[in-house]
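Here's the structure, in structure tokens; my notes come after.
The values are calculated or read from the model by the stated rules, or taken from the named source; none is laboratory data. All of these numbers come straight from a predicted model, not from anything done at the bench. Note that we place each Cβ from the backbone using ideal geometry, even for glycine, and neighbour counts take in every protein chain shown. Surface accessibility is based on the protein's heavy atoms, side chains included, excluding ligands, DNA and RNA. Shrake-Rupley method; radii C 1.70, N 1.55, O 1.52, S 1.80 Å.
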Amino acid sequence: MNASLSEQPRPPVMTLTEIRALVQADLRAVDAVIRSRLKSAVPLVDQIAEHIISGGGKRLRPMLVVLAARACQVEGDAHVEAAAFIEFIHTATLLHDDVVDASNLRRGRPTANALFGNTAAVLVGDFVYSRAFQMMVGVDNMRVLQVLADATNVIAEGEVMQLMNCHNADVTEAGYLEVIRCKTAKLFEAATRLGAILAAAPREQEDAIADYGSHLGSAFQLVDDVLDYSGDQAVIGKNVGDDLAEGKPTLPLIYAIEHGTPEQAQRVRRAIEHGGRDDLTGIIEAIQATGALDYAREQARRQARTACQAVERLPNSKYRDYLLQLADFAVTRTY
């Protein structure tokens, strides 16, 4: 029996820049739509929008729309518009998240709320969010509206669940995984599903690529949570230990509580319950001693392997190969 795609040896892992270059014509078109559709007659909206755009970012979600659409043999350019409004939804959530979390650094730059204040950041987040729905209507496809309406509702629920979990040292691994499924993976899933819908793919292919997106999103978030305790601040573009400062019980902390010594478990519990970075060095030592980062990375790899297995249900194409490369990048990245 032949090995499945998820088990076959693949070429060396490509960088995100290399993967983006493979679909750069589509992504240039997406960037042009983003710039044109974020324009507003209100100067402050333009100012904050320009700050967001110039901040760059991985642009993973729009790239997923493009790759999914191409893997499902899309015709026309409706997927370009969809990629732009997916990025708008993501951007709106970031604007609101940074206010809720009182973050002052993102992608190595001051956040919008740090520069312009919380009120302006929230209101411009609302503008970006509503502009996305204007663009969805323009696509004139009820399934597109249904997918994004459902996704944004689930994302909001995930944000509330995360808020409820803050400073709660009793959150389980299953509870944590449910939060990231809603808060992060759902938009990845929606991005890939939209690509398939706009390509008029059979439902089997649509569901397959949506499964890929969901598991890829979980893998990305798991690695983000690892990097919060092991990354280089200059590389990851945010403060190391941000999650701890906010009292967020992510998987490395949950694992350290369950598998550490009583002293280590108590130290981590206390840090979650009180927040702050006062004991960051001790917490990182406990995480490393228990193998929590290795465990979390392995869970990310499991999610990535499941994503690759879903891709096996798609027709063979270079775009399917790019999706596999993206899954490899997700779990080997350092930023």
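General observations
- The residues of the chain present an accessible area of 44 Å² per residue when probed at 1.4 Å with all protein chains retained.
- For the pair the range 117-194 and the range 312-335, the centres of their Cα atoms are 24 angstrom apart.
- Global geometry of the chain, whether rounded, prolate or oblate, following the gyration tensor of its Cα atoms and the 1.5 cut on a/c: oblate
- Carbon and sulfur %, accessible surface of the chain computed with the full protein complex present, 1.4 Å: 50 percent
- The phi torsions of the range 101-114, fed into the Karplus equation with coefficients 6.51, -1.76 and 1.60 and a -60° offset, translate into couplings of 8, 6, 6, 10, 9, 8, 6, x, 10, x, 6, 4, 5, 5 Hz, rounded to whole numbers, with Gly and Pro shown as x.
- Only protein heavy atoms count here; under a 1.4 Å probe, Arg107 has an accessible surface of about 90 Å².
- Each residue was assigned an accessible area with a 1.4 Å probe, and for Met164 the value is about 140 Å².
- For the chain, calculated [θ]222 nm from helices alone, where every DSSP H run of n ≥ 4 adds -39500 (n - 2.57): -23500 deg cm²/dmol
- Exposed loop sites here mean GluC sites (Glu not before Pro) with a DSSP loop assignment and at most 16 other beta-carbon atoms within 10 Å; the chain contains its longest site-free run at 76-311.
- Taking only the Cα atoms of the range 1-151, the radius of gyration and Dmax are 17.4, 62 Å.
- For His167, the residues whose modelled amide H falls within less than 5 Å of its own, excluding neighbours fewer than 5 places apart on the same chain, are Lys248.
- Rounded to whole Å, sorted largest first: equivalent-ellipsoid semi-axes of the range 204-313, Cα gyration tensor: 30, 15, 11
- Largest accessible area first, the listed residues Thr91, Thr17, Thr306 line up as Thr17, Thr306, Thr91 when surface is computed with a 1.4 Å probe on the assembled protein chains.
- The range 86-143: relative contact order in percent, alpha carbon pairs under 8 Å with at least 6 residues between: 41 percent
- Among complete DSSP H helices in the chain, those whose alpha-carbon atoms stretch at least 24 Å along the helix's long axis and whose mean Kyte-Doolittle hydropathy reaches -0.5 are 78-100, 118-139, 142-165, 203-230.
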